[in-house]
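Have a look at the structure below, then the notes.
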């Protein structure tokens, strides 16, 4: 009976043909390394976030009089396994962003942003940006002390435009308008909470699903990049490729199982890393915490902002770092791909990774003069990576031509 139903559906939807085309007949390089699994892990975590988020929406109340209690009492204590779904969602947000960062660093290392994959990188950057906005909007919803004051600081950042050395009046008005729009007024109240709730549970997740679908389509259209940087002719070099199924599906499935084991280990035993104790205190507009800092995934950008003495130029710098990531395919136009074959690029990539880690660590520390100087130094080395790419590309073009176009 079941087989008849399957055959009836397949006769009309051609599911078997689609499966064969997209899974069995689709070929990928056989030398893909472990970092290539981060894309699948990100997709797995995204699915976990959607499912756990739908369950939490059923019991959350987006009003400042009820938000804290609905999160910390109704969900955590009164609903069966509500605590588990909140833990999964809170840990999942951190794991999701950690995997996306690793996925991006892998793409940079293997130069997966170069022709013909520029659109893959650009859409991936948009996913990263929307994901940051999703995490930021969700951070306010528990309405705890850290949530409230973290969002107060965030919504005041556009006010930095008032310190612009030029067009101060115009830029200041724009900054103030953006700040007021984010807060829904001059302070965070029900209107702001409702806006962030709507963004977090409806608009941004739908946008993410669309963008992820486009990203996956583009990956399939352009083909998965090769760790060695060579483009493989799948017809002329069949010995260098393997079917996506079963070779990659079994390999990625095994990695996904190990990942889920690690994920649920933290969910059950180490949630203090993702649900800080200070946020179990209701938001109090009259009581400022001694040290306010964003979540770890924003600390690098936050340190760039605060390490520069001028708030305006700090605002420009951290936005410029995002823009440089976006236009990476156009900064690096070398004909050679993969850091494995680019020693100068590899050196600068290591500098970039160290700088990003250092800025994240400094973002957790008090803003002392010494830390500010270190922050400025690592901000400089971060931008040095991006600014060095055109120079490295010119040098490698000369070397490439000297070799007769052989890399």
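Readers should treat all values here as calculations from the given coordinates under stated rules, not as data from a laboratory. Note that the structure is a prediction, hence the values are computed from the model and not measured. Cβ atoms come from the backbone with ideal geometry, glycine included; neighbour counts cover every protein chain shown.
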Per the Debye formula with a single identical scatterer at each Cα and no solvent contribution, what log10 I(q)/I(0) holds for segment 87-163 at q = 0.24 Å⁻¹? -1.08
Computed over the chain, the Cα gyration tensor eigenvalues, each multiplied by 5 and square-rooted, give semi-axes in Å (largest first) of 38, 32, 18
Percentage relative contact order, segment 250-407, counting C-alpha pairs under 8 Å, at least six apart: 27
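Using a 10 Å cut-off around each Cβ, can you sort 225, 160 from fewest to most neighbouring Cβ atoms? Present the calculation step by step, with values, prior to reporting the outcome.
Working: 225 26, 160 21.
Ascending Cβ contact count within 10 Å gives the list 160, 225.
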Whole Å is fine, so just give me how far the alpha carbon centre of segment 41-118 lies from that of segment 366-406. 33
Computed over segment 139-269, the distribution of all Cα-Cα distances in 10 Å bins, rounded to whole %, is 10, 20, 22, 20, 18, 10, 1
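I need the semi-axes of the equivalent ellipsoid of segment 23-163: take the C-alpha gyration tensor, multiply each eigenvalue by 5, square-root it, list largest first in whole angstrom.
Values: eigenvalues 236, 101, 22 Å².
The three semi-axes for segment 23-163 are 34, 23, 11 Å.
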For residue 245 paired with residue 264, estimate the spin-label separation in nm (one decimal), with each label point 7 Å from Cα along the Cα-to-Cβ line. 2.4
P(r) of segment 37-104 in 10 Å steps, Cα pairs, percent per bin? 22, 43, 24, 11, 0
GNM result for the chain, Cα springs below 10 Å: residue of 256, 221, 13 fluctuating most strongly: 13
With the chain treated as a Gaussian network of Cα nodes joined by springs under 10 Å, which of 85, 96, 269 yields the largest mean-square fluctuation? 269
So what is the 222 nm mean residue ellipticity for the chain from helices alone, if each DSSP H run of at least 4 adds -39500 (n - 2.57) and you divide by all residues, rounding to the nearest 500 deg cm²/dmol? -20500 deg cm²/dmol
If only Cα atoms are counted, what is the Rg of segment 242-325, and what is its Dmax, in Å? 20.5, 62
Binned at 10 Å from zero, the C-alpha pair distances of segment 293-407 give percents of 14, 41, 26, 14, 5, 0
With springs only between Cα atoms under 10 Å apart, run a GNM on the chain and tell me which of 301, 197, 217 wobbles the most. 217
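Expressed as a rounded percentage, what relative contact order does segment 295-367 have, with Cα pairs under 8 Å and six or more residues apart? List each step's numbers first, then the result.
Working: 41 pairs, mean separation 37.0, N = 73.
With pairs under 8 Å counted, the relative contact order is 51 percent.
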